[in-house]
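Trainee: The following block contains the structure, expressed as structure tokens.
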Amino acid sequence: MTDKIQKKIGFYPGSFDPITLGHLDIIARASTFLDVLVIGIGVHHGKKTLFDGDTRTKMIRDALDTLDICDFELITYDGLTVDAARAANANVIIRGLRNSTDFDYEMQMAGLNHTMSPELETVFLPSSGKYGSISGTFVRQIMQMGGDASPFVPPNVLTQFENRK
Ligand code: ADP
């Protein structure tokens, strides 16, 4: 035990294309055991997204406006998650788990990240029941096909989509 009190800084990486109620649930729950949450928006070259990095950042900031959560920062990054997490001085990487497909992928990713950065732990949060079926891919399809995505995303995301050029 040392006297040094270290801030618990979490790094939550994702594409957030767009932010969904599932992401917001993970953010709210992670914020209960963190001092600071850094949300890392992956803007990797060559990855085609519906919303550009600035718009994804704005949608997250607007959505978090209404939530009572710990201190947070939004960053974009286009390199390795472990490098971005280290640059943010994070101690833990936060990831959400919806199902066994996520589990298999996330376990592999956590293993690789741990090998590259043993000082960083990955903490998994299981999705809350009603959010477990929400994925960015399906939300994008629903919005692009004119469906009602309001049960899956915060209202500001719908407005952003409607106002796009
Ligand atoms: P990525 O492309 O990195 O998977 P996403 O934006 O799709 O980016 O997801 C970011 C993180 O949020 C991942 O850990 C993912 O498992 C988690 N996540 C996404 N949707 C949900 C949800 N509905 N419930 C819980 N976690 C989720």
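Trainee: Go through the range 104-119 and give me each residue that's surrounded by 15 or more Cβ atoms within 10 Å (Cβ to Cβ) and more than 17 Å from the chain's Cα centre (by Cα).
Mentor: H114, S117 - these are the residues of the range 104-119 that are surrounded by 15 or more Cβ atoms within 10 Å (Cβ to Cβ) and more than 17 Å from the chain's Cα centre (by Cα).
Trainee: Quick one: in the range 29-49, of everything that is β-branched (V, I, T) and part of a loop (DSSP other than H, G, I, E, B), which residue is farthest from the ligand (Cβ to nearest atom)?
Mentor: Among them, the one singled out is T32.
Trainee: Return the pair list, or none, for Cβ contacts closer than 7 Å from residues in the range 118-136 that are charged (D, E, K, R) to residues that are in a strand (DSSP E or B) and more than 8 Å from the ligand (Cβ to nearest atom), at least 6 apart or on different chains.
Mentor: Matching pairs, first to second residue: E121/V92.
Trainee: When you go through (1) touching a Leu at 6+ places or on another chain (Cβ under 7 Å); (2) assigned to a strand (DSSP E or B); (3) more than 11 Å from the ligand (Cβ to nearest atom) one by one for F11, which number turns out not to apply?
Mentor: Going through (1) touching a Leu at 6+ places or on another chain (Cβ under 7 Å); (2) assigned to a strand (DSSP E or B); (3) more than 11 Å from the ligand (Cβ to nearest atom) one by one, F11 breaks only (1).
Trainee: Right, something else. Does I94 qualify as being in a loop (DSSP other than H, G, I, E, B) and within 14 Å of the ligand (Cβ to nearest atom)?
Mentor: no
Trainee: How do the pairs read when you match residues in the range 104-117 that are within 16 Å of A90 (Cα to Cα) with residues anywhere that are aromatic (F, W, Y), using Cβ under 6 Å and keeping only pairs 6 or more apart or on different chains?
Mentor: So the pair list comes out empty.
Trainee: May I pose another question? Which ones in the range 126-153 are in a helix (DSSP H, G or I) and either more than 11 Å from the ligand (Cβ to nearest atom) or crowded, with 16+ Cβ neighbours inside 10 Å (or both)?
Mentor: Y131, G136, V139, R140, Q141, I142, M143, Q144, listed by residue number.
To keep it simple, each residue is scored yes or no on (1) more than 12 Å from the chain's Cα centre (by Cα); (2) buried (at least 21 other Cβ atoms within 10 Å of the Cβ); (3) modelled with pLDDT of 95 or more.
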residue: S15; (1), (2), (3): no, no, yes
residue: I26; (1), (2), (3): no, yes, yes
residue: I39; (1), (2), (3): no, yes, yes
residue: G46; (1), (2), (3): yes, no, no
residue: T49; (1), (2), (3): yes, no, yes
residue: T57; (1), (2), (3): no, no, yes
residue: I75; (1), (2), (3): no, no, yes
residue: I93; (1), (2), (3): no, yes, yes
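The values are calculated or read from the model by the stated rules, or taken from the named source; none is laboratory data. None of these values were measured; they are calculated from a predicted model. Ideal geometry is used to build each Cβ from the backbone, glycine not excepted, and the neighbour counts take in all protein chains shown.
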